[in-house]
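This report concerns only the one structure given below.
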Amino acid sequence: MPVVNFYVVQDRYSDDLLQDLLVRSSHFYAAVLNSPLDRVRAFASSVPAKHWAVGGHTIDSDHHDAPYFTCLALSGRPTEQLHLLLKGFTDLLVEILKCERDLVRGQVIEVNPDHWAIGGIPASIKRASEVQSRQQSTANVPRT
């Protein structure tokens with residue numbers, strides 16, 4: 001399930017930097033979700049500067065980049081994990097691409113296990129024991 005997509009301005013970053021971002025974010029994602037690394041998918045989508053606007057202005061050489069990311073998590077994950085993903089992916093963008101932290105935006109998209117396919121089989125069926133275990137552990141955490 002773990003899928004992250006980083007949206008960046010085209011031709012602003014070297015292939016080496018983007019590859020570093022993808023590799024490190026994959027390891028980070030797997031660690032946070034306690035997921036096997038082979039389940040993680042990471043993408044860098046490059047958008048031409050003339051197709052990217054921040055604050056109502058397209059980005060040109062005088063404007064700072066404002067990367068955006070999305071990451072997916074099956075519903076039922078603890079909120080703390082989701083917050084850690086938001087912070088960690090932002091940290092990686094700031095560290096690797098030298099972006100201004102305040103300009104980075106991102107979101108975690110929670111996906112119902114019935115609405116996510118693994119090899120054409122809903123995750124609710126394919127990963128039933130994992131999802132059930134996670135939901136039980138979340139239900140057993142006392143709320144303060």
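The values are calculated or read from the model by the stated rules, or taken from the named source; none is laboratory data. The model shown is predicted, which means the values in this text are computed figures rather than measured ones. Cβ placement follows ideal geometry from the backbone for every residue including glycine, while neighbour counts extend to all protein chains displayed.
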TODO: Pairs only if they're at least six apart or on different chains, beta carbon under 7 angstrom, first in the stretch 6-17 and within 10 Å of Ile96 (Cβ to Cβ), second modelled with pLDDT of 90 or more and β-branched (Val, Ile, Thr); list them, first residue then second.
DONE: Leu17/Ile96
Open item on the list: Tell me the residue from Val104, Val131 that is surrounded by 15 or more Cβ atoms within 10 Å (Cβ to Cβ) and modelled with pLDDT of 90 or more, please.
Closed with: Val104
Open item on the list: Given (1) surrounded by fewer than 17 Cβ atoms within 10 Å (Cβ to Cβ); (2) among the aliphatic types (A, V, I, L, M); (3) in contact (Cβ under 8 Å) with a residue 40 or more places away in the chain, identify the lone condition not met by Ala73.
Closed with: (1)
Task: Selected residue [modelled with pLDDT of 90 or more, over 16 Å from the mean Cα position of the chain (by Cα) and basic (Lys, Arg)] from Lys126, Lys87, Lys50, Lys98 - done: Lys98
